[in-house]
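> First, the structure itself, so that you have it in front of you.
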Amino acid sequence: MHAASRERVAKEADITFPRGNPEPAAVHHRAGWWDVADARALGPVRHAITAIVSAHDPASPPSGSREQPDPVLACAHERLGLLFNEIAGNALRHGGPDVRADLARGDDGWLLTVRDGGDGVPSLQEQEPTAAGGHGLHLVLALSDRAGWYREDGEKVVWADVRDDAPAHLLSRLRSHAD
């Protein structure tokens, strides 16, 4: 096979999203859980998640403060809100109507899990940067410290581990774009 053909085949193939369970010992208590019946529930659940996390988020200035925070996505509550929208939106689109989100607090961060009844395998799509869709799982990997999926009791579970401090790779990219 010629090099150009191999490159085309590699671009057309899906890349599998990481498979595996998060480390349960890192999670201490459940902060909330929500049934996500349809797309109309995404906004209210995202708001609830960001409210819970912002109360613990050291990167967020106090409510009513004029202090400027680090770049927006450096704040754990902003990252978790966006991660929830991406993962739950995919679950509703590809996994069916019985979607449930859980948020748990650990020593230095959060674990977001989204369950659905779908039997598909989450995969990273190779997309052009200007494509209208297909970027969600790439965002999940970029905004989380670790992410993956597994099956449990007949359900697919997609999870993202988000530390209070933004990952170094994300901060450097955000700061380079701000200059």
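The values are calculated or read from the model by the stated rules, or taken from the named source; none is laboratory data. Keep in mind it's a predicted model, so treat the numbers as computed, not measured. Cβ placement follows ideal geometry from the backbone for every residue including glycine, while neighbour counts extend to all protein chains displayed.
> Checking the structure you have, find out if any residue of segment 30-45 is at pLDDT below 75, β-branched (Val, Ile, Thr) and either over 16 Å from residue 159 (Cα atoms) or within 17 Å of the chain's Cα centre (by Cα) (or both). Before you say what the answer is, go through the steps one by one.
Restricting attention to segment 30-45, the residues satisfying the condition of being at pLDDT below 75 are none.
No: segment 30-45 contains no residue that is at pLDDT below 75, β-branched (Val, Ile, Thr) and either over 16 Å from residue 159 (Cα atoms) or within 17 Å of the chain's Cα centre (by Cα) (or both).
> Taking residue 124 as the residue in question, decide whether it is touching a helix residue (DSSP H, G or I) at 6+ places or on another chain (Cβ under 7 Å), of a type in the set (A, V, I, L, M), at pLDDT below 80 and surrounded by fewer than 19 Cβ atoms within 10 Å (Cβ to Cβ). Working first, answer last.
Values: touching a helix residue (DSSP H, G or I) at 6+ places or on another chain (Cβ under 7 Å): yes; of a type in the set (A, V, I, L, M): yes; at pLDDT below 80: yes; surrounded by fewer than 19 Cβ atoms within 10 Å (Cβ to Cβ): yes.
Judged against the criteria, residue 124 is a match.
> All but one of (1) more than 17 Å from the chain's Cα centre (by Cα); (2) hydroxyl-bearing (Ser, Thr, Tyr); (3) modelled with pLDDT of 90 or more hold for residue 130, so report the exception by its number.
(3)
> If I filter segment 95-104 for residues that are modelled with pLDDT of 60 or more and in a helix (DSSP H, G or I), do I get at least one hit?
yes
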